[in-house]
Number of protein chains: 2
Amino acid sequence: MKEGEEVGLIVQKFGGTSVGSVERILNVAECVKEEKRRGNNVVVVVSAMGKTTDQLVSLAKEISSEPSKREMDMLLTTGEQTTIALLAMALNQKGFEAESFTGWQAGIITEPVHGNARITKINTDAIESKLSKGKIVIVAGFQGITEEGAITTLGRGGSDTTAVALAAALNADRCDIYTDVTGVFTTDPRYVKNARKLHDISYDEMLELANLGAGVLHPRAVEFAKNYQVQLEVRSSMEKIEGTVIKEEAVVEQNLIVRGVAFEDEITRVTVLGLTNSLTSLSTIFTTLAEHHINVDIIIQSITEAETTNLSFSIKTEDLNTTLKVLEEHKALLNYEGIDAENHLSKVSIVGSGMISNPGVAAKMFEVLAEKQIQVKMVSTSEIKVSVVVNEVDMIKAVEALHDSFGLSESK
Amino acid sequence: MKEGEEVGLIVQKFGGTSVGSVERILNVAECVKEEKRRGNNVVVVVSAMGKTTDQLVSLAKEISSEPSKREMDMLLTTGEQTTIALLAMALNQKGFEAESFTGWQAGIITEPVHGNARITKINTDAIESKLSKGKIVIVAGFQGITEEGAITTLGRGGSDTTAVALAAALNADRCDIYTDVTGVFTTDPRYVKNARKLHDISYDEMLELANLGAGVLHPRAVEFAKNYQVQLEVRSSMEKIEGTVIKEEAVVEQNLIVRGVAFEDEITRVTVLGLTNSLTSLSTIFTTLAEHHINVDIIIQSITEAETTNLSFSIKTEDLNTTLKVLEEHKALLNYEGIDAENHLSKVSIVGSGMISNPGVAAKMFEVLAEKQIQVKMVSTSEIKVSVVVNEVDMIKAVEALHDSFGLSESK
């Protein structure tokens, strides 16, 4: 890679699986060593080893059914602290000068929230002082500190965010996210044999894919990268092959309008029947659901001149019982006649920046699905995405048909 | 206890065995709760759970044969951090407000040394702010931070030192050291059935006993307590019974001159034969041994008018091979004729502040040993202690005889 050949600053991030054992930590040390040997300064961000976080959570649950979030943060941050020390030892053993830093030592300041804090500021003095001495700096991901000195964590995907935020603050040339897949694919290669790895992808496309459950990168990290124009590369910690570059403007291969097909199962459609038409009925329903932490995805309402209307929305199937309970408890307030719920549904989405300037993409999607006799139950669109809800049995068939029809299955 | 009934500030310390499982942590929470219920403010210092530290050391050894001390401190301090979070959760679960603090959050500043740092200063603001709100403060033992922000550890017995140092800095009314024994005994109750628990003991006596391997309290912690006049109490975390109070002037029970009999096996006597008499020969030998981390205990040399002399000193048997190697390597420099080493020896010591004003204690000791046909191989004395080296087979016989003869076996 061209960037790697220049003298610069590279931030590398390794997730829990990549540092899951002593052997894997030694493998990570090799990756770090190679980047340092190319003449670059290197900052490494690591997660807790393998299942450590889960084990710590279990330990806490043995003591308290609802442990304080402050103390959970105190407990969980020991996981990454263990990894940074071991990785620094591994690099020292290989003859490289490396020093580990906890989140607070690395100057990662967050808002005063436990369990899901956002980074507000990074004081890079300590890190820059070590880099200027040629040392490799290893930083505990997922953790920070409030202005008042309390230890916080950044929530799901927190180590990705730490890496991107450090890359932004240090003005790094690149931020490499090492993971257990070799890059970002046109669709999930575990389900679709024609899935191809993308050479590059734009922040916006990645954001839609991340939000749609592609799972490679946390949306918050992608958003951060977009806001600070940090060039990301998703690559494998096991295989030495090129990954996928994520940047502002991706080079569109073969003028492809659609860049990826994402999918998600265990979706349920809930329909509220005979809802009285009023200005506040929608906000009342969704505020009530939000208060009970139910994540509503697609919402469909056809407003008519009649006194009552039907409202449909999609949720994760695991939230169905709570949703029904909440709606039942507030029946008088919400003023509706009945509830209908349909399980065993899936969401399939096509994503691509090119859609903005190409009308008719949604139409083509419906045509492809109709040809395959797949019934579309709900539709949702954004500027660079079209999502449909279909029966779960049709999910992979729909993904394969769309992947083929939008030219993603062809080799470059 | 009188002190417990007053409103005040109590520092409690629980060692690794006392917090070795979830069940034991819940038991510790009960101890803390009781002290808080008596109306006292409570600061709790805890160690890492059971064998955690050993496990972390093994993990490090898998990666590096000689891990950097800085990174070992980074690694090991996760142990206490885990315990403080779990104990805080346990107290919260029981309805008590508690907050955990790492060493650096508790303001424990140390010299910039890794693995064995001394506390130089404690900024108590954070702790005092929480205490003033009625909260229980839980502090990670064994750890601190340098002025430059590096994480350090305090070495063996570090959590004892943290507890005593916090008690001094916070001007606590008492520092309770909870452990797996019920107090300080006249001798080791595992070996001598007549051993009695002491009601109280002076700092100086405890220092001699701690240094002689009684193992209940680390000497550095006792020294700290003496310097800052912190009243200590050693007590059981399992049984609710009175422990042993350690303070400046212990009430001497029944005018006992000797307060305790300590003993230690696996001692070796090394004799350097035909050492050329010179002003520097002693310092050369012991400087050389110290440079190789060999701890020399008793030293005996009879200066004569002859050109050469014999020098004897005692070491731990485990250090014998290194000692012989070092002496051999420096034979030319040290200028001696030969080396003789005698294994299977033990050290037996009597300790008591009353000795200062009672001449003839050593004489009585020798008389008792002679009556029992026990040969004395080496002798060492301090103001409040007499130590003798005897054959290992005679050790317990010597301890029992001294324990009886100096009146320690009689009930109060």
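Being aromatic (Phe, Trp, Tyr) and either surrounded by 22 or more Cβ atoms within 10 Å (Cβ to Cβ) or closer than 22 Å to residue B:139 by Cα (or both) is the filter here, so list the residues in region A:87-106 that pass it. Break it down into steps so the answer makes sense when it comes.
First, the residues of region A:87-106 that are aromatic (Phe, Trp, Tyr): A:96, A:101, A:104.
Result: A:101, A:104.
If a residue has to be small (Gly, Ala, Ser) and outside any helix (DSSP H, G or I) to count, how many in region A:268-281 make the cut?
2
Would you mind finding the one in A:304, A:284, A:323, A:288 that is over 30 Å from residue A:182 (Cβ atoms), at pLDDT 90 or above and not in a strand (DSSP E or B)? Break it down stepwise before answering.
Values: A:304 fails: at pLDDT 90 or above; A:284 fails: at pLDDT 90 or above; A:288 fails: at pLDDT 90 or above.
Step by step, each of A:304, A:284, A:323, A:288 is checked, and only A:323 is over 30 Å from residue A:182 (Cβ atoms), at pLDDT 90 or above and not in a strand (DSSP E or B).
Report, by residue number, each residue of region A:42-65 that is more than 7 Å from chain B (Cβ to nearest Cβ), farther than 14 Å from residue A:19 by Cα and either crowded, with 23+ Cβ neighbours inside 10 Å or not hydrophobic (A, V, I, L, M, F, W, C) (or both). Let's see the steps before the verdict.
Here is the first cut: in region A:42-65, the ones more than 7 Å from chain B (Cβ to nearest Cβ) are A:42-58, A:61, A:65.
Now narrow it down to the ones that are farther than 14 Å from residue A:19 by Cα: A:42-43, A:54-58, A:61, A:65.
Passing the criteria: A:42, A:43, A:54, A:55, A:58, A:61, A:65.
Considering only residues that are surrounded by fewer than 20 Cβ atoms within 10 Å (Cβ to Cβ) and not hydrophobic (A, V, I, L, M, F, W, C), look in region B:243-253 and name the one that is modelled with the highest pLDDT. Outline the logic, then answer.
We begin by selecting, within region B:243-253, every residue surrounded by fewer than 20 Cβ atoms within 10 Å (Cβ to Cβ); these are B:247-249, B:251-253.
Okay, now just the ones that are also not hydrophobic (A, V, I, L, M, F, W, C), so B:247-249, B:253.
Working: B:247: 92, B:248: 89, B:249: 80, B:253: 60.
Across region B:243-253, the extreme among qualifying residues is B:247.
Here's a check for you: in region A:14-41, which residue that is charged (D, E, K, R) and outside any loop (DSSP other than H, G, I, E, B) is nearest to the other protein chains (Cβ to nearest Cβ)?
Per the stated criteria, the residue is A:23.
Restrict the check to region A:54-64 and report whether at least one residue is at pLDDT 95 or above, of a type outside the set (Gly, Ala, Ser) and touching a Ser or Thr at 6+ places or on another chain (Cβ under 6 Å).
Within region A:54-64 (the criterion being at pLDDT 95 or above, of a type outside the set (Gly, Ala, Ser) and touching a Ser or Thr at 6+ places or on another chain (Cβ under 6 Å)), the answer is no, since none of the residues qualifies.
Can you say whether residue A:240 is within 30 Å of residue A:30 (Cα to Cα), surrounded by 19 or more Cβ atoms within 10 Å (Cβ to Cβ) and without any contact (Cβ under 8 Å) to a residue 24 or more places away in the chain, as far as the supplied structure shows? Spell out how you get there, then give the answer.
Numbers: within 30 Å of residue A:30 (Cα to Cα): yes; surrounded by 19 or more Cβ atoms within 10 Å (Cβ to Cβ): no; without any contact (Cβ under 8 Å) to a residue 24 or more places away in the chain: yes.
Answer is no for this residue.
Among the residues of region B:397-411, how many are at pLDDT 90 or above and among the hydroxyl-bearing types (Ser, Thr, Tyr)? Don't jump to the end; show me each part of the working.
Residues of region B:397-411 that are at pLDDT 90 or above, as a first pass: B:397-408.
Applying the additional criterion that residues be among the hydroxyl-bearing types (Ser, Thr, Tyr) yields B:405.
Total meeting the criteria: 1.
Just the residues that are in contact with a Pro (Cβ under 9 Å, 6 or more places away or on another chain) and either of a type in the set (Gly, Ala, Ser) or more than 8 Å from every other protein chain (Cβ to nearest Cβ) (or both), please, taken from region B:66-87.
B:85
Evaluate region A:308-318: report whether one residue or more is assigned to a helix (DSSP H, G or I) and of a type in the set (D, E, K, R).
As a first pass, look at region A:308-318 and keep what is assigned to a helix (DSSP H, G or I): A:317-318.
This time we only want the ones that are of a type in the set (D, E, K, R), so: A:318.
Yes, region A:308-318 has at least one match.
Going through region A:129-166 one residue at a time, which ones are under 25 Å from residue A:15 (Cβ atoms) and assigned to a helix (DSSP H, G or I)?
Hits for region A:129-166 are A:130, A:131, A:158, A:159, A:160, A:161, A:162, A:163, A:164, A:165, A:166.
Please find, among B:153, B:120, B:124, the residue that is among the polar types (S, T, N, Q) and within 13 Å of chain A (Cβ to nearest Cβ). Break it down stepwise before answering.
Working: B:120 fails: within 13 Å of chain A (Cβ to nearest Cβ); B:124 fails: within 13 Å of chain A (Cβ to nearest Cβ).
The unique qualifying residue is B:153.
Looking at region A:118-128 only, could you name the residues that are closer than 19 Å to residue A:217 by Cβ and part of a loop (DSSP other than H, G, I, E, B)?
A:118
Of these, B:136, B:84, B:109, B:127, which one is under 24 Å from the mean Cα position of the chain (by Cα) and either crowded, with 20+ Cβ neighbours inside 10 Å or not hydrophobic (A, V, I, L, M, F, W, C) (or both)? Before you say what the answer is, go through the steps one by one.
Details: B:136 fails: under 24 Å from the mean Cα position of the chain (by Cα); B:109 fails: either crowded, with 20+ Cβ neighbours inside 10 Å or not hydrophobic (A, V, I, L, M, F, W, C) (or both); B:127 fails: under 24 Å from the mean Cα position of the chain (by Cα).
Sole residue among the options that is under 24 Å from the mean Cα position of the chain (by Cα) and either crowded, with 20+ Cβ neighbours inside 10 Å or not hydrophobic (A, V, I, L, M, F, W, C) (or both): B:84.
Does residue A:221 fit the bill of being surrounded by 16 or more Cβ atoms within 10 Å (Cβ to Cβ), within 30 Å of residue A:74 (Cα to Cα) and not assigned by TED's automatic domain parsing to the domain that holds residue A:297? I'd like the intermediate steps shown before the answer.
Values: surrounded by 16 or more Cβ atoms within 10 Å (Cβ to Cβ): yes; within 30 Å of residue A:74 (Cα to Cα): yes; not assigned by TED's automatic domain parsing to the domain that holds residue A:297: yes.
When the stated conditions are applied, residue A:221 passes them.
Examine region A:93-113 for a residue that is more than 13 Å from chain B (Cβ to nearest Cβ), part of a loop (DSSP other than H, G, I, E, B) and not aliphatic (A, V, I, L, M), and state whether such a residue exists. Don't jump to the end; show me each part of the working.
In the first step, residues of region A:93-113 are kept if they are more than 13 Å from chain B (Cβ to nearest Cβ); the result is A:108-113.
The next check asks that each one be part of a loop (DSSP other than H, G, I, E, B); those that pass are A:111-113.
Now narrow it down to the ones that are not aliphatic (A, V, I, L, M): A:111-112.
Yes; the residues of region A:93-113 include at least one that is more than 13 Å from chain B (Cβ to nearest Cβ), part of a loop (DSSP other than H, G, I, E, B) and not aliphatic (A, V, I, L, M).
Which count do you get for residues in region B:139-162 that are crowded, with 24+ Cβ neighbours inside 10 Å and out of contact with any Ser or Thr (no Cβ under 6 Å at 6 or more places or on another chain)?
Applying the first criterion (crowded, with 24+ Cβ neighbours inside 10 Å) to region B:139-162 yields B:139-144, B:151-154, B:158-162.
After this cut, where a residue has to be out of contact with any Ser or Thr (no Cβ under 6 Å at 6 or more places or on another chain) as well, the list is B:139, B:153, B:158, B:160-162.
Summing the residues that are crowded, with 24+ Cβ neighbours inside 10 Å and out of contact with any Ser or Thr (no Cβ under 6 Å at 6 or more places or on another chain) in region B:139-162 gives 6.
The rows are residues; the columns are (1) within 20 Å of residue A:187 (Cα to Cα); (2) touching a strand residue (DSSP E or B) at 6+ places or on another chain (Cβ under 7 Å); (3) touching a residue at least 24 places away in the same chain (Cβ under 8 Å).
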position	(1), (2), (3)
A:283	no, no, no
A:316	no, yes, yes
A:337	no, yes, yes
A:385	yes, yes, yes
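Please determine whether any residue of region B:66-79 is buried (at least 16 other Cβ atoms within 10 Å of the Cβ), in the same structural domain as residue B:144 (by TED's automatic domain parsing) and farther than 25 Å from residue A:151 by Cα. Lay out the reasoning, then the answer.
We begin by selecting, within region B:66-79, every residue buried (at least 16 other Cβ atoms within 10 Å of the Cβ); these are B:67-68, B:70-79.
Within this subset, residues satisfying the condition of being in the same structural domain as residue B:144 (by TED's automatic domain parsing) are B:67-68, B:70-79.
Still in the running and farther than 25 Å from residue A:151 by Cα: B:67-68.
Yes, region B:66-79 has at least one match.
Every residue, every condition in (1) among the aromatic types (Phe, Trp, Tyr); (2) touching a residue at least 40 places away in the same chain (Cβ under 8 Å); (3) more than 25 Å from residue A:207 (Cβ to Cβ), yes or no:
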| site | (1), (2), (3) |
| --- | --- |
| A:228 | yes, yes, no |
| A:233 | no, yes, no |
| A:247 | no, yes, no |
| A:321 | no, no, yes |
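Return yes when residue B:178 is within 21 Å of residue B:25 (Cα to Cα), in contact (Cβ under 8 Å) with a residue 12 or more places away in the chain and among the aromatic types (Phe, Trp, Tyr) and no when it is not. Step through it out loud before you land on a result.
Numbers: within 21 Å of residue B:25 (Cα to Cα): yes; in contact (Cβ under 8 Å) with a residue 12 or more places away in the chain: yes; among the aromatic types (Phe, Trp, Tyr): yes.
So residue B:178 passes the test.
Could you tell me which numbered condition residue B:178 fails, if it satisfies all but one of (1) within 16 Å of residue B:261 (Cβ to Cβ); (2) surrounded by 23 or more Cβ atoms within 10 Å (Cβ to Cβ)?
Result: residue B:178 passes all but (1).
So in region A:181-217, with the set limited to residues that are surrounded by fewer than 19 Cβ atoms within 10 Å (Cβ to Cβ) and among the basic types (Lys, Arg), which one is farthest from residue A:36 (Cα to Cα)?
Within region A:181-217, the match that is farthest from residue A:36 (Cα to Cα) is A:193.
Which of the residues that make up region B:331-360 are out of contact with any Asp or Glu (no Cβ under 8 Å at 6 or more places or on another chain), modelled with pLDDT under 90 and closer than 22 Å to residue B:210 by Cα?
Selection gives B:354 alone.
With respect to residue B:159, is the statement that it is under 29 Å from residue A:52 (Cα atoms) and more than 14 Å from every other protein chain (Cβ to nearest Cβ) true?
On the way: under 29 Å from residue A:52 (Cα atoms): yes; more than 14 Å from every other protein chain (Cβ to nearest Cβ): yes.
Yes.
Every residue, every condition in (1) part of a helix (DSSP H, G or I); (2) under 25 Å from residue A:315 (Cα atoms); (3) of a type outside the set (A, V, I, L, M, F, W, C); (4) free of Cβ contacts under 8 Å to residues at least 40 places away in the same chain, yes or no:
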| position | (1), (2), (3), (4) |
| --- | --- |
| A:356 | yes, no, no, yes |
| A:365 | yes, yes, no, yes |
| A:369 | yes, yes, no, yes |
| A:374 | no, yes, no, yes |
| A:380 | no, yes, yes, no |
| A:389 | no, yes, no, no |
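The values are calculated or read from the model by the stated rules, or taken from the named source; none is laboratory data. Because the structure is a prediction, the values reported are computed rather than measured. Every residue, glycine as well, gets a Cβ built from its backbone with ideal geometry; the counts of neighbours run over all protein chains shown.
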